[in-house]
Structures are given as structure tokens and as C-alpha cells.
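First the structure, in the form of C-alpha cells, and then the observations on it.
The values are calculated or read from the model by the stated rules, or taken from the named source; none is laboratory data. All of these numbers come straight from a predicted model, not from anything done at the bench. Using ideal geometry, Cβ is built from the backbone for each residue, glycine included, and neighbour counts are taken over all protein chains shown. Heavy atoms of the whole protein, side chains included, go into the accessibility calculation; ligands, DNA and RNA do not. Shrake-Rupley method; radii C 1.70, N 1.55, O 1.52, S 1.80 Å.
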Amino acid sequence: MASPERLMHLLSEDERALRKMVRELVDGELRKLSTEYEERAEDPKQSYQKLAELGLAGIPFDPEYGGGGERYLTYLMVIEELARGWLALAIGLGVHTLACDGLQRFGDSSLKERYLADMVSGRRFGAYALSEPASGSDASSLSTKATRSNGSYLVSGQKQFCTRGGEADLLLLMARTSGEGPRGISAFIVEQGTEGFTPTKVENKMGWRSSPTWELVFEECPVPEENRIGNEGEGFKVALSALDAGRLGIAACSIGLAQAALEASLRFASEREQFGSRIIDFQGIQFMLADMATQVEAGRALYRHAASLKDAGVDYSTEASMAKLFCSDVAMKVTTDAVQIHGGYGYIEEYPVERYMREAKALQIVEGTNQIQRMVIGRRLAPR
Amino acid sequence: MPLSIAVCVKRVPDTAAEKKLDDGDKTLDRDSVESILNPVDEMAVEEALKLKEANEGEVTIVCAGPEGAAQQAIRKALSMGADKGVHLKDDSLHGSDAQGIAYALAQVLKKGEYDLILCGAESTDARTNLVPPAIAEHLNLPNLNFVKNVETSDGKVTAHRETDKGHDVLESSTPAVLGVVWGANEPRYPSFKGIMAAKQKPLETLSAADAEIDASKVGLDGSKTEVLEFGARSTERQKNVVDNKEGDAHVKLADFLQQQKFI
């Protein structure tokens, strides 16, 4: 029995049924669709609608607004299972969750009534706009401005690398309302189609091609004052808090991807014969597979531990960084080894592992590069 | 008019799993493999849910079997949208053959009032195709078997049965027992909310005595058929060599493909 199957014994009956459903959905249709959409570099709108219909757009959110009210751990289990078949779709759902998370934790009740119920039901999907052309890791130096004007803000500036920024219905946008640094930043909900807000360019990426990455331009885009999340100057806190949760999402995505690469490698190594025996019977290959399986299992345990801390209501920020760092490195290593085990077949599109390897790379970059994660962890360790 | 629909379901070993038979009583070792709701029964559940959506009404899932897996099968159907479950659980049923189970299910069904009783036409493990007609016989009801596109109106039910050349349209009065054919529809996935709601839905457990089942008609002893022997299927491949000594290999090959109904 494979280790992920043994995990079943730790899940509640509902979680088991949920995992089974997502697995059937992935194996039954999503994996096949993913190949087509990746090839066409097209956003799978219908698949997001399917996730919404199945109630997967709001698993960890407040039942008062129609959310599932489940543990974050349960949501991450779904994300891992989705990523096992279609990473880009899991990423899109993760980004949506990021936007919901910021709104749920910091939005006032009228803002939540206006937007959260639509978002957790999946009637409207969200995106997260923090990065700019000149501010990536140094996010608090962002320069997009929100200037007050007659009960509204006028937003001007440019955002970069915004996942589904052109497809999402709502943006969680961070913009500067006063002086320099993190305390000058505020968070807003901006509706797609608002005058002055233009998704201008889709990036041509190495992987995650069915998850469009946008450059967004704002030219005096009016955003009502009531669309501000929290107080002026609290936007960076909203952004970072959502990022902590988002990092766990990336960790779960990483393990889902690594699991897929491991499964593909086990299948291939059991079928491929050289020198008269299956290559899985060679110790050289077995040792690689043993390392891959061990790392996947360790990564899964780490992100589940960090998520359990979040669910228990304690500070989990360091563990979230550790999980993001470790799991995405695991994904890179395991997918690279998967290509190696497949030999020449690993390098061609006929097998899925070359895609997995391309996809893994971005996991080490998004939601804070792994260098930033080390910085976050290190700072917490060093005595002040 | 609101419809009262019962769907009989069975748990079966996962289609992809390797199955084992118990050497002792020659029944399937159901604990050794992951079990699932019989995929054909899932289609019967979907057909029932579509009828419910078109007419309003209630869908009751009926399943006989041991505690864990039978309840999982019922829960799966409830999470898809069925309204309540009835679980017939009794050790005396172990080893019942198709007619024994059909009798036992019929006894359970007698306790309710149903306009339609739907079953998967077959299970993916035993594949006898006997249960739906046998239930109909026990209940003295009409049976439309191997059907899809089930519709109801004014106390009547119609359904399509595919034939080699097209399809028959069958009609019967209700109540009736229908065996839903493989491929009748694409069963929906249970939704997150459906899964969470499933455990709140009523699930009644009946013993053989509750259902007034005559013990002499069920179980290994009550079965009219007996498994005498079993063995692994030979995996030897058939090899046909088409020679071209007379220059007619293409004809022979085409004939072969035609015989096998590939072309």
C-alpha cells in the first residue's frame, strides 16, 4: 500500500469521501483536460466553474457567508489532490483562496456581505495583486498609488505576475495610500471591468501555461472607499497574512506535483526493462525512488503540521515558510529525478514528467522565493 | 407529481483492484480490497436523481451488506443527492446468491411505497444481471431491464433499451422495477456540501427479522446456486498467425477482424 493511502486512516469520514471525490474528478477528467489546456496555454474557465459547482471554492471559509467551515488542513488536502493532476488549476484555486482569506480576516461585515459570499460559492473568483515590475521580493517598496478623491480612491500604477489577473472577477489589490514602506500600503477589492483597470499583457511562461500570468495597468481607476480592507496603512499586514496561508497552499501544490512525479516514475520503472530485468529491480533506481518517496512523505508531514498549527489558532508563520521552502525544493528534486529515471523518455512530451519538472521550478519562486523563506525563518531564529 | 423512488445499490471491489476469493466458503474476500459503489448502480442513482429533479420527490437508497462498506456505498449515494438510506444488515445474509439477495431486497422494498425501483442492471463483480428481474418477480411488478432515458408521466414510465439496430421504447405502469444499463448517463460527482450533508441524512438499519426475511431462503444454505470450484483465469495469449502463402492474407485478416466485430 502506498503511503498516501495510509494517510486515509488519519482522515475523518468526510475528508475521506472528499478526497475520493477529488481523486475521481482528477483521474476521471481533469488530468486529461490539463494536457489540452497546457498545450493551448488557455485558462480553463469551465473547470473553475466545475470546482465551484462541487463546492470546492470556499472549503475553509466562514459558513455564515456560505463557506464550508472546514479546517485549512482539509482544504490543503484538496489542493494536493488537484495538483497531483493539474498544478495550474490548483494554483488558480490557491490564489482565489488567498484573496478570500484576506477579505475574511480583515474585511468589515458589509464588505464581506458584498463580496465574500459570492467568492466562497465560486460565483466570482479572486486574484491577488501585490508584485510590481520593480518590487518582487521587496514587496513593501511597491509604488502603485491610491489617492483619495471624493469618497473614492483613484488607483494608478502597474502590477506584475498576477495569476489570473485578467480572468478573475475580483482583485485583492495592494496600493500605496501614504508615505514609504509597509505602513503606507492599503488593501482593496477591485472589480474586473472597472474603468481605468486594464489587464494589458499575458506572460509566455515555461510552465503553468494554463494559468495566465498578467501584467495589469491602472490609470486613475476609481475604487470606492468602502472597498478598502481594514484601515489605511494595514494593507501590508493583509498581504502578508494572506501570504502565510498561501505558502501552505504552495507547499500542498508542491507535494501533489511531487506525488504525481513519483507515481509516474514507479509506473515507468516497473514497466521498463533493461539488461533483462525491470529497472525498478536495480538498486540504483530503487535508491532514487526511496529518496523521492521519503522526501514527499516528509514534505506532506511538514505542511500538514504547519496547517494544524493554523487550525489551532496559533502563530504558524515560520512553519508556513518552512513548509513552502522544503516542499517546493522537494518538488524540484523529485521531478528532476523523475525525468532521470525516465531517461530519454523523460525529456520528451510523450511522458508527463518533463512538464512536472518545468512546473516545479515556479514553486520555488512564487509566494516568496525560497531565499525569502530562509530569510523569514532565519530572522525568527536570531535573537533580537 | 412527486415520485417516490428506491434505488438498490451494492458495494463491489474497486474495478481496478485484484480480487481474491475465500478458500473456505468460496465467497469474495471483501475485506482484502478497497470497495466502491457499483459503477452501474451509480448510474441508477443518477437516473433517479434526474427523475427527482424533473418531478420532485424522494430517493431512498437500499443496500444489503456488512456494516462499513455497505454504509459507505449508501453514503456515497446520499452525498450525490439521494434523501435517505435503508441498510439491511444481517450476518445470515452472508453468501446469498443473486436470487437470495433479490428476495431479501424485495422484502425490504415491501416495507416502503415506491413508484419506481431502480437498480443497476448488473454489478461489476458478479455480473449475473439477475437481481432486477428477480426483485420484480418477488414483488409481482413489471420489469424494464437494460434501460436508459427513464421518464415518467401520469402513472406510467417509459425507457429506452438499445438494440443492435437502434432502440426500443418500453412503457409500463408504475410501480415498476427498472434495471439501468451501463453507460446510461454520467453520474455526477458528489459535491463538498453533499458530502457534508450525507451524514445528517436519515439512515435506517434493518435486520433480517425486521424485514421479515425467511432465513431458509438466504445465506449460503438458502442459495440455489453453489460455487463448486474456482481458479485463476489463464493469461495465455491466443496467437493466430495469418499466412500469405496464397496471397490472401489481407482477406483472412479482414475476416478475422469482422468475426471479432472490430469492423
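Got a sec? Which of A:Arg105, A:Arg114, A:Arg124 is of a type in the set (Lys, Arg), open to solvent by 50 Å² or more (accessible area, probe 1.4 Å) and not in a helix (DSSP H, G or I)?
Checking each option against the conditions leaves just A:Arg124.
Considering only residues that are outside any helix (DSSP H, G or I) and surrounded by fewer than 22 Cβ atoms within 10 Å (Cβ to Cβ), which ones fall in segment A:56-65?
A:Asp62
In this structure, is A:Gln49 polar (S, T, N, Q) and more than 14 Å from every other protein chain (Cβ to nearest Cβ)?
Values: polar (S, T, N, Q): yes; more than 14 Å from every other protein chain (Cβ to nearest Cβ): no.
It is false that A:Gln49 is polar (S, T, N, Q) and more than 14 Å from every other protein chain (Cβ to nearest Cβ).
Any residue at all in segment B:12-26 that is among the hydroxyl-bearing types (Ser, Thr, Tyr) and surrounded by 21 or more Cβ atoms within 10 Å (Cβ to Cβ)?
Checking segment B:12-26: not a single residue is among the hydroxyl-bearing types (Ser, Thr, Tyr) and surrounded by 21 or more Cβ atoms within 10 Å (Cβ to Cβ).
Being in contact (Cβ under 8 Å) with a residue 24 or more places away in the chain and more than 30 Å from B:Leu228 (Cα to Cα) is the requirement here; does B:Lys89 meet it?
Answer is no for this residue.
Looking only at segment B:203-231, count how many residues are under 15 Å from B:Asp22 (Cβ atoms) and among the hydrophobic types (A, V, I, L, M, F, W, C).
4
So in segment B:168-182, with the set limited to residues that are part of a loop (DSSP other than H, G, I, E, B) and of a type outside the set (A, V, I, L, M), which one is farthest from A:Arg16 (Cα to Cα)?
Taking the candidates together, the pick is B:Thr174.
Taking the residues in segment A:353-367 that are at pLDDT 95 or above and not hydrophobic (A, V, I, L, M, F, W, C) as candidates, determine which candidate is most open to solvent (accessible area, probe 1.4 Å).
A:Lys361
Answer with yes or no whether A:Glu271 is surrounded by fewer than 20 Cβ atoms within 10 Å (Cβ to Cβ) and among the acidic types (Asp, Glu). Explain how you work it out, then say what you get.
Numbers: surrounded by fewer than 20 Cβ atoms within 10 Å (Cβ to Cβ): yes; among the acidic types (Asp, Glu): yes.
So A:Glu271 fits the description; yes.
Taking the condition of being more than 14 Å from chain B (Cβ to nearest Cβ) and surrounded by fewer than 16 Cβ atoms within 10 Å (Cβ to Cβ), how many residues in segment A:24-39 meet it?
Of the residues in that region, 5 qualify.
So is A:Glu234 over 21 Å from A:Ala127 (Cβ atoms) and open to solvent by 20 Å² or more (accessible area, probe 1.4 Å) or not?
Details: over 21 Å from A:Ala127 (Cβ atoms): no; open to solvent by 20 Å² or more (accessible area, probe 1.4 Å): yes.
The answer is no for A:Glu234.
Search segment B:159-170 for residues being within 23 Å of the chain's Cα centre (by Cα) and open to solvent by 40 Å² or more (accessible area, probe 1.4 Å), and hand back the single one that is modelled with the lowest pLDDT.
Of everything passing the filter in segment B:159-170, B:Asp164 is modelled with the lowest pLDDT.
Here are B:Tyr114, B:Tyr103: which of them is part of a helix (DSSP H, G or I), among the hydroxyl-bearing types (Ser, Thr, Tyr) and surrounded by 16 or more Cβ atoms within 10 Å (Cβ to Cβ)?
One residue alone meets the criteria, B:Tyr103.
Matching residues to (1) more than 14 Å from chain A (Cβ to nearest Cβ); (2) surrounded by fewer than 21 Cβ atoms within 10 Å (Cβ to Cβ):
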position	(1), (2)
B:Asn143	yes, yes
B:Asn149	yes, yes
B:Ser153	yes, yes
B:Ala184	yes, no
B:Pro190	no, no
B:Ala198	no, no
B:Ala211	yes, yes
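Can you report the number of residues in segment A:40-50 which are in a helix (DSSP H, G or I) and open to solvent by less than 20 Å² (accessible area, probe 1.4 Å)?
First, pick out the residues of segment A:40-50 that are in a helix (DSSP H, G or I): A:40, A:45-50.
Those still in the list that are open to solvent by less than 20 Å² (accessible area, probe 1.4 Å) too: A:47-48.
Adding up the residues that qualify gives 2.
Could you run through segment B:79-100 and say how many residues are assigned to a loop (DSSP other than H, G, I, E, B) and farther than 26 Å from B:Lys201 by Cα? Give the derivation first.
Of segment B:79-100, the ones assigned to a loop (DSSP other than H, G, I, E, B) are B:81-83, B:89-90, B:94-97.
With farther than 26 Å from B:Lys201 by Cα added as a condition, the list becomes B:94-97.
Here the count works out to 4.
How many residues does segment A:66-92 hold that are within 26 Å of A:Glu191 (Cα to Cα), within 14 Å of another protein chain (Cβ to nearest Cβ) and either in a loop (DSSP other than H, G, I, E, B) or in contact with a Leu (Cβ under 6 Å, 6 or more places away or on another chain) (or both)?
Qualifying residue count, segment A:66-92: 4.
Given the conditions (1) part of a strand (DSSP E or B); (2) closer than 18 Å to A:Pro222 by Cα, report the number of the one that A:Cys162 does not fulfil.
Result: A:Cys162 passes all but (2).
Output the number of the condition that A:Leu216 fails; it satisfies all remaining conditions of (1) assigned to a helix (DSSP H, G or I); (2) touching a Cys at 6+ places or on another chain (Cβ under 6 Å).
With respect to (1) assigned to a helix (DSSP H, G or I); (2) touching a Cys at 6+ places or on another chain (Cβ under 6 Å), A:Leu216 is out only on (1).
With the requirement that a residue be of a type outside the set (A, V, I, L, M, F, W, C), open to solvent by less than 10 Å² (accessible area, probe 1.4 Å) and more than 15 Å from A:Val366 (Cα to Cα), what does segment A:309-352 give you? Please lay out each step first, then the result.
Restricting attention to segment A:309-352, the residues satisfying the condition of being of a type outside the set (A, V, I, L, M, F, W, C) are A:310-311, A:313, A:315-319, A:321, A:324, A:328-329, A:333, A:335-337, A:340, A:342-347, A:349-352.
Subsequent filtering for residues that are open to solvent by less than 10 Å² (accessible area, probe 1.4 Å) retains A:321, A:324, A:328, A:335, A:342, A:346.
Across segment A:309-352, the qualifying residues are A:Thr335, A:His342, A:Gly346.
Here are the criteria: (1) over 18 Å from the mean Cα position of the chain (by Cα); (2) in contact (Cβ under 8 Å) with a residue 60 or more places away in the chain; (3) buried (at least 21 other Cβ atoms within 10 Å of the Cβ). Tell me which single one A:Glu53 does not satisfy.
That leaves (3) as the condition not met.
How many residues are open to solvent by less than 10 Å² (accessible area, probe 1.4 Å), over 21 Å from B:Pro2 (Cα atoms) and within 14 Å of chain A (Cβ to nearest Cβ) when one looks only at segment B:59-78?
Of the residues in segment B:59-78, 2 are open to solvent by less than 10 Å² (accessible area, probe 1.4 Å), over 21 Å from B:Pro2 (Cα atoms) and within 14 Å of chain A (Cβ to nearest Cβ).
Return yes when A:Glu15 is under 19 Å from B:Met80 (Cβ atoms), within 12 Å of chain B (Cβ to nearest Cβ) and of a type outside the set (S, T, N, Q) and no when it is not.
Working: under 19 Å from B:Met80 (Cβ atoms): yes; within 12 Å of chain B (Cβ to nearest Cβ): yes; of a type outside the set (S, T, N, Q): yes.
Answer is yes for this residue.
Pairs under 9 Å by beta carbon, first residue over 21 Å from A:Gln364 (Cα atoms) in segment A:284-308, partner among the charged types (D, E, K, R) and in a helix (DSSP H, G or I), six or more apart or different chains?
If the second residue must be among the charged types (D, E, K, R) and in a helix (DSSP H, G or I), the pairs left are A:Met288/A:Asp337; A:Leu289/A:Asp337.
If I ask for residues that are under 27 Å from A:Gly58 (Cβ atoms), part of a loop (DSSP other than H, G, I, E, B) and out of contact with any strand residue (DSSP E or B) (no Cβ under 8 Å at 6 or more places or on another chain), which ones from segment B:183-217 would you list?
Selection gives B:Glu186, B:Pro187, B:Arg188, B:Tyr189, B:Pro190, B:Ser191, B:Lys199, B:Gln200.
Yes or no, residue by residue, for (1) in the same structural domain as A:Ala360 (by TED's automatic domain parsing); (2) farther than 21 Å from A:Arg124 by Cα; (3) among the aliphatic types (A, V, I, L, M):
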| position | (1), (2), (3) |
| --- | --- |
| A:Glu203 | no, yes, no |
| A:Met206 | no, yes, yes |
| A:Glu215 | no, no, no |
| A:Val223 | no, no, yes |
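Scanning segment A:264-283 for residues that are in contact (Cβ under 8 Å) with a residue 12 or more places away in the chain and closer than 30 Å to A:Tyr75 by Cβ, which turns out nearest to the chain's Cα centre (by Cα)?
A:Ala264
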